[in-house]
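As structure tokens, the structure follows; a few thoughts come after it.
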Amino acid sequence: MKTYKDIIPDYERYLTLQTSLYQSFESDHPEWSDPQEEAIREFFADFERDLIIADIGCGDGFGLEVLKSMGFRHLMGFDASKDKIAKANEKGLNAAVCDVHKLPKLMCDVILCSHVLEHCYYPGKVLDQISNSLVNGGLLYLILPYPDLGEDEAHGGKYELGTMEDDNYERITAFIEKRHLKVDSITTGFRTGDEIRMECHRISRSE
């Protein structure tokens, strides 16, 4: 199986590319941010507002900003880009610089992870941490390009995820469900039809 390491052998070079050449500010691109706002508002509409929610790979805080506007009070975000986190902090959002491969210990009710795993050098490691950061029954809202036709240097995680071609979601579902997560639903056809939105829940640690 091809991995990100086959594309960029050096991790530090990978990290530099992700936070420089392939860095973009979500809020500056309405063609991306508008459908993302719609997705977030739809998924989170009926949730209690005192839930603990983390946005993994939060970028410039766009998703956190939407959640805050909906009345959610316990929000946190993590991203490797210092520039993006600075922009999020300027908005008064609770966001911290963090390589998502090295997340702090968390215990969340819901985790949002939008267009992040395909950028991860070790997507399995990141998803393991996300799974371990959820309470039993906690929810993961995962959004990915599908099929992922992004440039290999930018989206090298797609090979481990199995999203580089359409296989009716078989590989990405198996990849997720190896990690004490259950995929509850998959929707597609958003933006230009190149995205899937997956609702998952954390299986009890006793199972």
>> Need the list of lysines near Lys68 for cross-linking: C-alpha distance under 30 angstrom, and skip anything on the same chain fewer than eight residues off.
In response: Lys82, Lys84, Lys87, Lys91, Lys102, Lys105, Lys125, Lys182
> If you bin the C-alpha pair distances of the range 79-207 every 10 Å from 0, what whole percents do you get?
Replying inline: 13, 42, 35, 10, 0
>> With every atom except the alpha carbons ignored, what do you get for Rg and Dmax of the range 1-147, in angstroms?
In response: 14.8, 44
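With the contact rule set at Cα under 8 Å and sequence spacing of 6 or more, what percent relative contact order holds for the range 4-202? Walk me through the intermediate numbers first.
Details: 364 pairs, mean separation 36.3, N = 199.
Averaging sequence separation for qualifying contacts and normalising by length gives 18 percent for the range 4-202.
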> Can you tell which of Leu106, Leu134, Leu64 shows the greatest fluctuation in a Gaussian network model of the chain with Cα springs below 10 Å?
Replying inline: Leu106
>> Beyond 11 Å, how much of the Cα-Cα pair distribution for the range 25-77 remains, as a whole percent?
In response: 68
> When the helices in the chain are scored as -39500 (n - 2.57) per DSSP H run of 4 or longer and the sum is shared across all residues, what 222 nm value do you end up with, to the nearest 500 deg cm²/dmol?
Replying inline: -8500 deg cm²/dmol
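Which value, in debye to the nearest 20, gives the size of the charge dipole of the chain about its Cα centre, when Lys and Arg are +1 and Asp and Glu are -1 at the Cβ? Could you put the intermediate results ahead of the total?
On the way: 23 positive and 38 negative charges, 184 e Å.
For the chain, the charge dipole is close to 880 debye.
From the Cα gyration tensor of the range 91-162, with a ≥ b ≥ c the square roots of its eigenvalues, which class applies: rounded if a/c is under 1.5, or else prolate if a/b is larger than b/c, or else oblate?
On the way: a/c = 1.83, a/b = 1.53, b/c = 1.20.
Because a/c hits 1.5 or more and a/b exceeds b/c, the range 91-162 counts as prolate.
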> Expressed in whole Å with the largest first, what are the equivalent ellipsoid semi-axes of the range 75-123 derived from the C-alpha gyration tensor as the square root of 5 times each eigenvalue?
Replying inline: 18, 14, 10
> Once Lys and Arg get +1 and Asp and Glu get -1 on their Cβ, which of Gln23, Gly77, Ile40 lies farthest toward the positive end of the dipole of the range 15-77?
Replying inline: Gly77
> What longest region of the chain stays clear of trypsin sites (Lys or Arg not before Pro) that DSSP places outside H, G, I, E and B and that have at most 15 other Cβ atoms within 10 Å?
Replying inline: 106-177
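We did not get these values from a lab; they are worked out from the coordinates using the rules stated. Predicted, not measured: the structure shown is a model, and the values here were computed from it. Heads up, the Cβs are rebuilt from the backbone with ideal geometry, glycines too, and the neighbour counts pull from every protein chain shown.
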